[in-house]
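The values are calculated or read from the model by the stated rules, or taken from the named source; none is laboratory data. Keep in mind it's a predicted model, so treat the numbers as computed, not measured. Positions of Cβ are backbone-derived with ideal geometry, glycine not excepted, and every protein chain shown enters the neighbour counts. The accessibility values were calculated without ligands, DNA or RNA, using every heavy atom of the protein model including side chains. Shrake-Rupley method; radii C 1.70, N 1.55, O 1.52, S 1.80 Å.
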Amino acid sequence: MLGILPGLRCLHQTRGGSDMADATEADLAPGSPAHKAWHLLRDQPGIGWVTAGKLARKRPRLLPVYDRVVRCAVGQPRSFWHALHSALRADDYALQRELLTLRQAAGLPETVSVLRVCDVVVWMRHHTDHQDAGCAWE
């Protein structure tokens, strides 16, 4: 359990209140505190990539959930963080605005991040297919 402490220290060095769409490439790049935290946690015995991905709970505005269902839905881009970051910013932040509109339409408070809205949309759209048909990425 003490092996996760360096990962948590790295996580404290991230910009906790930043939205992913407003983050810089450096905030998500290899060598960034968030990237180091993910790798330090993932490399611990018994942790793995899905559990390490739960870092999103600690930085819900900056780090997206990336689990088996999300991976099945979106595939395995070279860097999921960078792919989503680019998608949120594309076309003058069109996806970011759409997710904000969905959050408002659902009556959710602003404390629910755009990334959590995105995660729920992906899960709701794909979870049943994921269970019924099995996932090619399993």
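Between residue 112 and residue 127, residue separation times 0.36 nm minus the direct Cα-Cα distance comes to 3.3 nm.
Per residue, the accessible area of segment 29-74 comes to 47 Å², computed with a 1.4 Å probe over protein heavy atoms only. The packing ranking, built from the mean of other Cβ atoms within 10 Å per residue, places the peptides 59-67, 112-120, 86-94 in the order 59-67, 112-120, 86-94, highest first. Length available on full extension from residue 39 to residue 91: 0.36 nm per residue minus the Cα-Cα distance, which gives 15.6 nm.
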